[in-house]
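Read through the structure below, which is laid out as structure tokens, and then see the notes.
The values are calculated or read from the model by the stated rules, or taken from the named source; none is laboratory data. Note that the structure is a prediction, hence the values are computed from the model and not measured. Cβ sites come from the backbone with ideal geometry, for glycine too, and all protein chains shown count toward neighbours. Accessible surface areas use protein heavy atoms only, side chains included; no ligands, DNA or RNA. Shrake-Rupley method; radii C 1.70, N 1.55, O 1.52, S 1.80 Å.
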2 protein chains.
Amino acid sequence: MAEIDTASFVPSLAIDCVVFGFHENELKVLLLKLTGVDVWALPGGFVDKNKDLEKAAIDTLEVRTGLTDIFLRQFHTFGSIARNDPNHPKFLIDKGLISEDLFDWFNQRFVTIGFYALVEYSQVKEPVPGPISEACEWCSVNDLPPLMLDHQEIVEKAHKALKRELSYQPIGLNLLPNQFTMSELQALYETILETQLDRRNFRRKILSYGILKDTKKFRTGVAHKAPALYEFDVSAYKKASQAGLNMGW
Amino acid sequence: MAEIDTASFVPSLAIDCVVFGFHENELKVLLLKLTGVDVWALPGGFVDKNKDLEKAAIDTLEVRTGLTDIFLRQFHTFGSIARNDPNHPKFLIDKGLISEDLFDWFNQRFVTIGFYALVEYSQVKEPVPGPISEACEWCSVNDLPPLMLDHQEIVEKAHKALKRELSYQPIGLNLLPNQFTMSELQALYETILETQLDRRNFRRKILSYGILKDTKKFRTGVAHKAPALYEFDVSAYKKASQAGLNMGW
DNA sequence: CCAAAAGTGTTACTTTTACACCCATGC
DNA sequence: GCATGGGTGTAAAAGTAACACTTTTGG
């Protein structure tokens, strides 16, 4: 059961993180399964009085994934009254997830600031559950388990924000391993955008941005012709990120 | 001096509104001048415990502008520690703006949710100052007076968000009078984007979206050739808004 | 009659789309 | 040797950018 020092937190405020990963051609999000019930939640938490919002998100992510230096972006703040289910605190207590003392804290109206994060799936060795959860797992965004409160809406809004981001900025550096094939990069784009793209046109366009480096290496050991391996040219990538060019897909 | 019932507010939370208007080829924002000092602030306020964030913003705007049904969009939440100037509460008390009893309330760490609004300049007959301000005026975004706390940063971020919005959605319905000339619409785009556009190409492109209706009327009484007056085709405009087409300028 | 803004069309260029063939590899 | 995905080129279409002349009006 969670024992927390609520006095150290900013009242009424929470953060929630939608951590995106990419694996087997699926866009995944990291979710926590609450102990003893089939209800899942986004990693997140309360905001320490002496901590920037962003830092609160970074710290949460470090605990869950072991990763530092994660790509993070604030995308929306959820603050409707309706999101505060009056039965929720009681639910948590009944299930033995939090102590009865915490009723008042959890019974507040919370406004939550939503962040999304992009991480390389394979670098998250073993996602770490929190005090009130028994599992931390990747779930496909297209096949989400039952989520707590309005967390489903938060995931959807994050996905939408990510899609939009794709039109402005290069994406991939934070989601793919160091080296990857053109097809893998394309699959990432197709997955995020939920659409199909022409192989040849995709290649031409993405190369035209000058953010890829040909490693002169090939992925071997797989069936068929060995595909070339690319890396991001990090400095060009970052320049393109800042310029924020219009890259309509 | 402001007397407020802090008990009815969500602690730690505030909203700030960047109200954009367009007048004499300038992008303006509505600002409040604090009584007795040359410090200006964004319209905003605290969030009533029983009010949605959005509703809190709407209500603030109604009080200041007299307008209901304002175009409103949440664009960022400002939550760094650094934004809470420890001298600020004392400053307000010293200047006689708030009573000493309110020190603790104003001395909290506040996280503020930023909204921007688009309104038709001429419809705001007489902007209304608040309890701690003596004036409410339009100021050019390119020539802002000294602003309270991080309000300058908030304005800048809102302008950036508005610029970005322009690439996704038609804009103008909320900023221009019912009828307007092509040049006025172009001036609005140029002002928001801070760039020059080719007259002929602009006309062709904006007409191609099918969101304008030719009123068959002309602006008379001005020098030179009488320009045609257009209106937005509201249903087409809204359709385009929802579709969110890529309209790179 | 002239200065100033309004209105209109064409051409070159760039970007996007659609599509078909050969290549290399593991099985 | 063949099925499968990898790699390449080209032509048509659409969209964008650059640019010049005529029209109308108030002064």
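Hey, could you check the range A:61-82 for residues that are within 14 Å of another protein chain (Cβ to nearest Cβ) and within 21 Å of the chain's Cα centre (by Cα) and say which is farthest from B:VAL10 (Cα to Cα)? Among residues in the range A:61-82 that are within 14 Å of another protein chain (Cβ to nearest Cβ) and within 21 Å of the chain's Cα centre (by Cα), the one farthest from B:VAL10 (Cα to Cα) is A:LEU72. When A:LEU61, A:LEU34, A:LEU102 are checked against the criterion of being touching a residue at least 12 places away in the same chain (Cβ under 8 Å) and more than 19 Å from A:ILE154 (Cβ to Cβ), a single residue qualifies: A:LEU102. Within the range B:47-60, track down each residue that is facing chain A (nearest Cβ under 8 Å) and either among the aromatic types (Phe, Trp, Tyr) or open to solvent by less than 30 Å² (accessible area, probe 1.4 Å) (or both). Scanning the range B:47-60 gives B:VAL47, B:LEU53.
Going by the structure shown, is B:LEU207 closer than 26 Å to B:VAL141 by Cα, open to solvent by 40 Å² or more (accessible area, probe 1.4 Å) and of a type in the set (A, V, I, L, M)? When the stated conditions are applied, B:LEU207 does not pass them. Restricted to the range B:127-210, the set of helices (runs of 4 or more DSSP H) holding at least 1 residues that are more than 16 Å from DNA strand C (Cβ to nearest atom) comprises B:151-166, B:182-193. Say whether the condition of being of a type outside the set (A, V, I, L, M, F, W, C), within 14 Å of chain B (Cβ to nearest Cβ) and under 21 Å from A:VAL128 (Cβ atoms) is met by at least one residue in the range A:9-23. Yes, the conditions are met somewhere in the range A:9-23. Considering the range B:159-178, and only residues there that are more than 11 Å from chain A (Cβ to nearest Cβ), among the polar types (S, T, N, Q) and in contact with a Phe, Trp or Tyr (Cβ under 9 Å, 6 or more places away or on another chain), the residue that is least open to solvent (accessible area, probe 1.4 Å) turns out to be B:ASN174.
Just one of (1) closer than 21 Å to B:ALA158 by Cα; (2) modelled with pLDDT of 95 or more; (3) of a type outside the set (Lys, Arg) fails for B:ASP69. It is (2). Filtered by the rule that a residue be assigned to a loop (DSSP other than H, G, I, E, B) and in contact (Cβ under 8 Å) with a residue 40 or more places away in the chain, the range B:18-31 gives a lone residue, B:ASN25.
Looking for something in contact with a Gly (Cβ under 6 Å, 6 or more places away or on another chain) and away from DNA strand D (no atom under 16 Å from the Cβ) - is there at least one such residue anywhere in the range A:228-246? Scanning the range A:228-246, I find at least one residue that is in contact with a Gly (Cβ under 6 Å, 6 or more places away or on another chain) and away from DNA strand D (no atom under 16 Å from the Cβ), so the answer is yes.
Checking each residue of the range B:224-238 against the condition of being away from chain A (no Cβ under 14 Å), of a type in the set (Val, Ile, Thr), open to solvent by 30 Å² or more (accessible area, probe 1.4 Å) and more than 11 Å from DNA strand C (Cβ to nearest atom) gives at least one match.
For A:ILE93, indicate whether it is closer than 23 Å to A:LEU176 by Cα, assigned to a helix (DSSP H, G or I) and out of contact with any Lys or Arg (no Cβ under 8 Å at 6 or more places or on another chain). No.
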